[in-house]
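A.B. asks: My questions will all concern the structure given below.
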């Protein structure tokens with residue numbers, strides 16, 4: 001009898017907790033864009049992001065995005081050495097994946113406006129791509145997205161992952177992307193989407209509650225990033241206003257990808 005009573009009480013408590021969680025998750029589902037503070041503004045959150053950047057899920061995502069993004073450069077080789085600009089490089093996982101996916105004569109410029117992020121990324125890239133991939137090919141610069149550190153028409157690929165929702169003036173940044181690209185250059189901008197299915201939102205809220213590192217959970221991440229992100233229609237509107245050429249969008253369960261449709 002005592003065991004049954006304990007089990008009944010436990011089941012009741014679990015049901016109540018689950019119901020409250022589901023109600024909270026549904027009530028907090030994004031209904032409109034709400035810009036928030038970037039996690040990069042908090043040093044402890046930056047280090048937490050750096051640790052997450054090395055887990056298997058992010059390594060696979062970076063590998064896939066890098067391979068897909070640089071594929072046109074491999075299919076259309078030329079005599080000129082290609083140049084790639086990585087915006088908001090963050091902890092460096094994507095930069096390392098791009099270094100591994102490109103030829104050794106490729107120049108990679110990694111830009112981020114957060115002070116100290118370059119040092120974290122340099123260590124991460126060295127782990128992924130080795131000393132040659134870092135020292136001879138990757139240049140880290142601390143620069144905002146209002147003015148890229150490259151000359152007009154000199155970049156073959158501009159790529160950004162997870163930074164769009166923090167851009168204060170996305171049209172301005174898109175205009176800069178257009179400025180620095182070569183006539184046949186490509187851009188790939190990937191970010192979370194605000195109108196993700198509610199089932200994915202509930203899973204993210206559950207992960208955040210149980211597994212998110214404390215510095216990120218304190219900032220309500222990754223929920224805060226999702227609330228400040230865009231829908232596919234909003235992203236296309238921004239790209240059109242910035243006159244990005246030949247763009248198209250891909251919608252994934254939790255992600256959006258905006259890219260230039262480069263014809264073979």
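A.B. asks: Residue 160 passes all but one of (1) free of Cβ contacts under 8 Å to residues at least 60 places away in the same chain; (2) within 19 Å of the chain's Cα centre (by Cα); which number fails?
C.D. replies: (1)
A.B. asks: With (1) more than 17 Å from residue 137 (Cβ to Cβ); (2) assigned to a loop (DSSP other than H, G, I, E, B); (3) at pLDDT 85 or above; (4) touching a strand residue (DSSP E or B) at 6+ places or on another chain (Cβ under 7 Å) as the list, and residue 65 as the residue in question, which single condition is left unmet?
C.D. replies: All conditions pass for residue 65, except number (2).
A.B. asks: Among the residues of region 28-43, count how many are modelled with pLDDT under 80 and in contact with a helix residue (DSSP H, G or I) (Cβ under 8 Å, 6 or more places away or on another chain).
C.D. replies: Here the count works out to 6.
A.B. asks: What's the number of the condition residue 222 fails, among (1) modelled with pLDDT of 90 or more; (2) over 20 Å from residue 42 (Cα atoms)?
C.D. replies: (2)
A.B. asks: Can you find even one residue in region 87-94 that is without any contact (Cβ under 8 Å) to a residue 24 or more places away in the chain and under 25 Å from residue 63 (Cβ atoms)?
C.D. replies: no
A.B. asks: If you check every pair at least six apart or on different chains, which have Cβ atoms under 6 Å apart with a residue in region 24-48 that is outside any helix (DSSP H, G or I) first and a residue that is surrounded by fewer than 14 Cβ atoms within 10 Å (Cβ to Cβ) and modelled with pLDDT of 85 or more second?
C.D. replies: 29/198
A.B. asks: I'd like to verify a number: residues in region 186-199 that are farther than 23 Å from residue 50 by Cβ and surrounded by 16 or more Cβ atoms within 10 Å (Cβ to Cβ), how many? Before you say what the answer is, go through the steps one by one.
C.D. replies: Keep residues of region 186-199 that are farther than 23 Å from residue 50 by Cβ, which gives 186-187, 193-199.
If we keep only those that are surrounded by 16 or more Cβ atoms within 10 Å (Cβ to Cβ) too, we end up with 186-187, 193-196.
Counting residues in region 186-199 that are farther than 23 Å from residue 50 by Cβ and surrounded by 16 or more Cβ atoms within 10 Å (Cβ to Cβ) gives 6.
The values are calculated or read from the model by the stated rules, or taken from the named source; none is laboratory data. If you're wondering where the values come from, they're calculated on a predicted model, not measured in any experiment. Heads up, the Cβs are rebuilt from the backbone with ideal geometry, glycines too, and the neighbour counts pull from every protein chain shown.
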